[in-house]
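The values are calculated or read from the model by the stated rules, or taken from the named source; none is laboratory data. Since we're looking at a predicted model, the values are computed, not measured. With ideal geometry, Cβ positions are generated from the backbone for all residues, glycine too; neighbour counts draw on all protein chains shown.
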Ligand code: HEM
């Protein structure tokens, strides 16, 4: 337990640290990779360049510190980050390295303001926060390993099939190289892919949602080819059927609640459709009587993935309603009129599309940040309560706030 004095030092210094947060964590990463270049095998270099991870780590350490005397209040967020850490292979032995480097960066940036008393208090607090993460992640490793077909770290998989889903999205059907069983998963979960493209010094890790229902003898991921995306370009352009890559076991807490039979609304923008495909297919297999409203927004028909599959599901399941929204339909889209809305989703249209879902539906959504912000706001305006709204950001989560 931390003493009252330590807690009060921590709480009184959080605002100062927040002001310098990004500066401290930027310096932290410089020091970390200088001293432990092997960690470049784990961290996402693109996130580093964009400063996204800096903010995520800074925010979460300070948010945890604010709740240092009642860490159980932020347990759900610790678990969410724990899923990501476990799927990336973050281990207990990494925590002291991160803690020491963070304190050193604080000392350098805050200079004289970082007294021994303050640094000691933060050293202690970091220890408590790190222990909370280590404990949660230890259980997650054990659980991943103990499942039928499960494993703790990375396992070799072979690309059994590569299927082009749209101009920018391609699916990869992955089967274990050892020929063994694969763990089941919940709809909405993701896997981490580990590759080392030729000519690059480090391994590169990326998370991709599983885009089909669990229970098959493969995992399917559907990857958007990002401009300048190291891993997505490698997967799209270099990896062919028969090639091997490594995967960690399915993880994540953005999952469809299949214990409920309530109507469900699945909303996606762009490649955010991937977890929704897993959810839709799961409902069709496991809960065929459950009512689904599936709304997908894409730029135009040429980049829209899974359109035919969803249309077929909707045509053959009377309880599934599907809507396609194209921001800028092409001439071909217009000629074939294969969409329900032209332009961005706005409140009035959404109200109409949701009319059949009823008042007690659960909402799941995923997509680019502007899409997610708009949907979240629309749902609030339509009076949907927070506990019925579930969403996931691709990329680092925005913060570790207690809602
Ligand atoms: C991701 C917090 C320790 C490696 C994250 C994220 C947060 C976070 C908030 C973003 C989660 C998301 O995307 O949803 C923390 C805190 C730590 C800690 C509060 C200490 C108490 C560590 C350690 C390592 C590590 C010890 C390993 C050396 C990573 C990596 C990512 C990540 C590789 C993925 C993002 C990227 O690659 O840029 N962490 N973390 N973290 N963390 Fe940690």
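The condition of being in a helix (DSSP H, G or I), modelled with pLDDT of 85 or more and within 10 Å of the ligand (Cβ to nearest atom) holds for only one of 75, 32, that being 32.
Within segment 126-174, work out how many residues are assigned to a helix (DSSP H, G or I) and either touching a strand residue (DSSP E or B) at 6+ places or on another chain (Cβ under 7 Å) or over 30 Å from residue 225 (Cβ atoms) (or both). Full working, then the answer.
Looking only at segment 126-174, we keep the residues that are assigned to a helix (DSSP H, G or I), and these are 126-146.
So of that shortlist, the ones also either touching a strand residue (DSSP E or B) at 6+ places or on another chain (Cβ under 7 Å) or over 30 Å from residue 225 (Cβ atoms) (or both) come out as 126-143, 145-146.
The qualifying residues number 20.
Every residue in segment 299-332 that is assigned to a helix (DSSP H, G or I), under 19 Å from residue 367 (Cβ atoms) and in contact with a helix residue (DSSP H, G or I) (Cβ under 9 Å, 6 or more places away or on another chain), please.
First, the residues of segment 299-332 that are assigned to a helix (DSSP H, G or I): 307-316, 331-332.
From what is left, the residues that are under 19 Å from residue 367 (Cβ atoms) are 307, 309-310.
Answer for segment 299-332, where residues must be assigned to a helix (DSSP H, G or I), under 19 Å from residue 367 (Cβ atoms) and in contact with a helix residue (DSSP H, G or I) (Cβ under 9 Å, 6 or more places away or on another chain): 309, 310.
Residues in segment 126-142 that are free of Cβ contacts under 8 Å to residues at least 40 places away in the same chain, surrounded by 15 or more Cβ atoms within 10 Å (Cβ to Cβ) and over 21 Å from residue 102 (Cα atoms): none.
Looking across segment 90-125, the residues that are surrounded by fewer than 18 Cβ atoms within 10 Å (Cβ to Cβ), within 11 Å of the ligand (Cβ to nearest atom) and outside any helix (DSSP H, G or I) come down to 91, 92, 93. Residue-level check: of (1) outside any helix (DSSP H, G or I); (2) away from the ligand (no atom under 16 Å from the Cβ); (3) within 20 Å of the chain's Cα centre (by Cα), residue 188 misses just (2).
Yes or no: segment 258-267 includes at least one residue that is closer than 21 Å to residue 210 by Cα and in a helix (DSSP H, G or I). No, every residue in segment 258-267 fails to be closer than 21 Å to residue 210 by Cα and in a helix (DSSP H, G or I). Scanning segment 63-70 turns up one or more residues that are surrounded by fewer than 20 Cβ atoms within 10 Å (Cβ to Cβ), within 9 Å of the ligand (Cβ to nearest atom) and not in a loop (DSSP other than H, G, I, E, B).
Residues of segment 363-392 that are out of contact with any helix residue (DSSP H, G or I) (no Cβ under 7 Å at 6 or more places or on another chain) and in a strand (DSSP E or B): 390 alone.
State yes or no: is residue 388 surrounded by 12 or more Cβ atoms within 10 Å (Cβ to Cβ), at pLDDT 90 or above and farther than 19 Å from residue 255 by Cα?
Values: surrounded by 12 or more Cβ atoms within 10 Å (Cβ to Cβ): yes; at pLDDT 90 or above: yes; farther than 19 Å from residue 255 by Cα: no.
Criteria not met by residue 388.
Take the conditions over 16 Å from residue 191 (Cβ atoms), buried (at least 17 other Cβ atoms within 10 Å of the Cβ) and either at pLDDT below 95 or away from the ligand (no atom under 16 Å from the Cβ) (or both) and apply them to residue 291. Does it pass? Criteria met by residue 291.
In this structure, does residue 180 turn out to be surrounded by fewer than 16 Cβ atoms within 10 Å (Cβ to Cβ) and modelled with pLDDT under 95? Against the criterion (surrounded by fewer than 16 Cβ atoms within 10 Å (Cβ to Cβ) and modelled with pLDDT under 95), residue 180 does not qualify.
Of the set (1) assigned to a loop (DSSP other than H, G, I, E, B); (2) over 27 Å from residue 380 (Cβ atoms); (3) modelled with pLDDT under 95, all apply to residue 335 but (1).
For residue 228, the criteria (1) within 30 Å of residue 329 (Cα to Cα); (2) within 19 Å of the chain's Cα centre (by Cα); (3) at pLDDT below 95 hold in every case but one, which is (2). Being modelled with pLDDT under 95, in contact with a helix residue (DSSP H, G or I) (Cβ under 8 Å, 6 or more places away or on another chain) and within 16 Å of the ligand (Cβ to nearest atom) is the requirement here; does residue 128 meet it? Judged against the criteria, residue 128 is a match.
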